[in-house]
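Participant: Encoded as structure tokens, here's the structure I'll be asking about.
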Amino acid sequence: MQTNFSQKQLSNERIAEAEAILRRCVHCGLCTATCPTYVLTGDERDSPRGRIYLIKDMLEDSAPASPEVQHHVDRCLSCLSCMSTCPSGVDYMHLIDFAREYIEQTGTRPWKERAMRRLLSEVVPHPDRFRFALKLAPLGRPWVKLLRRFGFDQAAAMIELAPAVLPPSPKYEGPGVAATEDERRARVIMLAGCAQQVLRPGINDSTIRLLARHGVDVIVSAGAGCCGALTYHLGDEAGAIEFAKRNVDAWWKDIENDGEPVDAIIVNASGCGTTVKDYGHLLRNEPDYADRAARISELARDVSEFIGKYDLGAPRRWSSLRVAYHSACSLQHGQQIKEVPRELLVKAGFSVVNIPEGHICCGSAGTYNIMQPEISSQLRDRKTKNIKRVKPDVVAAGNIGCITQLSTSLDVPIVHTVELLDWAFGGPVPLGLEDLSKFVSDVPEPSKRRVNDFIHA
């Protein structure tokens, strides 16, 4: 793509980086075939190629973000399906993130939208605040129709996404260490996350049990928290950097502890994993953090990616359950992890079926299902229809956002992939699958207890 930036503009590192990305685009349009918003709307401005043109014009003019640019950039899911498709290697992820930051700095928004974005960034990344907000959500349910009537669609969507009942507290609640009772094969740090540990704490419990049962000590570091993805995708890069710095500081203490090596940083929410793997880029201009952030990006692994390197042996339970695997966009496109989760489920004894249009987003995308409820619900219904076509007993996914999004419209349970693996290898029945346990048979286990109680720091 031809660009027309001045030398003065290119002296700005961010503009120079954006220009290098823009110039890789060759206008081929292959991205339009896999972009969820373009597939729905047919509007070129809602395709990656169209957004690239809008961003290019905005940056070249050094102009404040117009309502048109803001509208179409906001409608991008950051599913990154375009990056899997692009033959030219356009780094769309970093371009769209920069555009979001530029829009927040130069554009204007209606007060209702500003308030909602502020509410989300101040509540969701903080587990205690988020838990309290979810407890209040039932009070808002009777008012959903009224909220929509008066144009508060985003607030209505937020209330409808809240679970009717919060799950039980986690068994292994950090900070602390869950130590294996077997011979130790590895030592890892696990990101406990923010929204996930409130919405479905069983995911972290399953991760700890499964790893510790196979010789892996699991550390939840004191002081670690939200990865920063939520604020980053709302255009608040400075806020995301602060979250990332806090995690780097917290994890580095355990990485340097007594000289014991840390083999990986485990992330079991794929949206968070994509961000943590990008810490090296996000903190590249932070002198006190750049080197450590790059090392942390090297250590970051999705839980399926890490487990896929290990021989888990034969499962403790065998089932005839038919599992539809939903490949989260942040996993298949953001991290290019596509087959490993399916292979792990097959090895664990499940019958795994593929979902048609598996490359198309379910419409969750962090806070997208709140900020863009109309498009999000269309994508959710499309995904639900495709899942029903394969008639599964249960759906597995690797991201809490997808699980929350699809649970509102599916008539079969949806769980995290690691919860099914934990169950197959000796863990308890995942929440919501109690009625399916009759289809699962136990295999005798020579040793029953493989993980100590959580040792708090």
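Participant: Can you list the aspartates and glutamates whose alpha carbon sits under 12 Å from that of Lys145, skipping same-chain ones fewer than 8 residues off?
Facilitator: Asp153, Glu160
Participant: In what sequence, largest accessible area first, do Tyr289, Tyr38 appear using a 1.4 Å probe?
Facilitator: Highest to lowest solvent-accessible surface, that is Tyr38, Tyr289.
Participant: When the C-alpha atoms of the stretch 1-94 are aligned to their principal axes, what extent does each axis show, in angstrom, from largest down?
Facilitator: Extents along the principal axes: 39, 30, 18 Å.
Participant: I'd like to check one number: the per residue accessible area of the chain, probe 1.4 Å, reported in Å² as a whole number.
Facilitator: Here the per-residue accessible area is 43 Å².
Participant: Share of the stretch 317-442's accessible area from carbon and sulfur, percent, 1.4 Å?
Facilitator: It is 48 percent, rounded to a whole number.
Participant: Quick check: the angle from helix 127-140's long axis to the longest principal axis of the chain, C-alpha only, nearest 10 degrees?
Facilitator: 80
Participant: Something else about it: What is the spin-label model distance, in nm, from Ala133 to Ala164 if the labels are put 7 Å beyond Cα along the C-beta direction?
Facilitator: It works out to 2.3 nm between the two label points.
Participant: Dipole of the stretch 317-442, Cα-centred, from +1 at each Lys and Arg C-beta and -1 at each Asp and Glu C-beta, to the nearest 20 debye?
Facilitator: 360
Participant: Angle check, please: helix 237-255 long axis (alpha carbons) against the longest principal axis of the chain (alpha carbons), in degrees 0 to 90, nearest 10.
Facilitator: Approximately 30 degrees, to the nearest ten.
Participant: Relative contact order (percent) for the chain, with alpha-carbon contacts under 8 angstrom and 6 or more residues of separation?
Facilitator: About 16 percent, as a whole number.
Participant: Scaled to the compact-protein estimate 2.2 N^0.38 Å, what is the alpha-carbon radius of gyration of the chain, rounded to two decimal places?
Facilitator: Against the compact-globule rule of thumb, the ratio is 0.98.
Participant: Taking a Cβ-Cβ separation under 4.7 Å as the criterion for a possible partner, which cysteines of the chain have none?
Facilitator: Within the chain, the cysteines lacking a partner Cβ under 4.7 Å are Cys25, Cys28, Cys35, Cys76, Cys86, Cys362, Cys402.
Participant: Right, here's the next one. How much accessible surface does Met190 have with a 1.4 Å probe, in Å² rounded to 10?
Facilitator: 10
Participant: Just going by the charge dipole of the chain, with Lys and Arg at +1 and Asp and Glu at -1 on Cβ, which of Thr108, Ala396, Ser6 is farthest out on the positive end?
Facilitator: Positive-end residue among those listed: Ala396.
Participant: Considering only C-alpha atoms, what is the centroid distance from the stretch 393-417 to the stretch 342-369, in Å?
Facilitator: The stretch 393-417 and the stretch 342-369 have Cα centres separated by 9 Å.
Participant: Distance from the Cα centre of the stretch 25-96 to that of the stretch 223-275, in angstrom?
Facilitator: 28
Participant: Label-point separation (nm) for Lys253 and Ser11, each offset 7 Å from Cα along Cα-to-Cβ?
Facilitator: Inter-label distance under the simple model: 4.3 nm.
Participant: Continuing with this model, one more query. Take the cross-link list Lys277/Lys338; Lys171/Lys385; Lys135/Lys438; Lys338/Lys391 and give me the ones stretching past 24 Å between alpha-carbons.
Facilitator: Table pairs above 24 Å Cα-Cα are Lys171/Lys385; Lys135/Lys438.
Participant: Could you state how much accessible area Arg184 has, in square angstrom rounded to the nearest 10, with a 1.4 Å probe and all protein chains kept in place?
Facilitator: It works out to around 110 Å².
Participant: Using the Cα centre of the chain as the reference point, and only Cβ charges (+1 on K/R, -1 on D/E), how large is the resulting charge dipole? Debye, rounded to the nearest 20.
Facilitator: 1320
Participant: Any idea what angle helix 92-106 forms with the longest principal axis of the chain, computed on alpha-carbon atoms, 0 to 90 degrees, nearest 10?
Facilitator: Compared with the principal axis, the helix lies near 60 degrees.
Participant: Here is a follow-up. Quick check on the chain: helices-only [θ] at 222 nm, where DSSP H runs of length 4 and up contribute -39,500 (n - 2.57) each and the sum goes over total residues. Nearest 500, please.
Facilitator: -13500 deg cm²/dmol
Participant: If you don't mind, there's one more thing I want to ask. Starting from the 7 Å offset along Cα-to-Cβ, what nm value, one decimal, do you get for the label separation of Lys438 and Glu173?
Facilitator: Label at Lys438, label at Glu173, 3.4 nm between them.
The values are calculated or read from the model by the stated rules, or taken from the named source; none is laboratory data. The shown structure was predicted, so the numbers you read here are calculated from the model rather than taken from an experiment. All Cβ positions, even for glycine, are placed from backbone atoms using ideal geometry, and neighbour counts span all protein chains on display. Note: accessible area is taken over every heavy atom of the protein model, side chains too, but ligands, DNA and RNA are not part of it. Shrake-Rupley method; radii C 1.70, N 1.55, O 1.52, S 1.80 Å.
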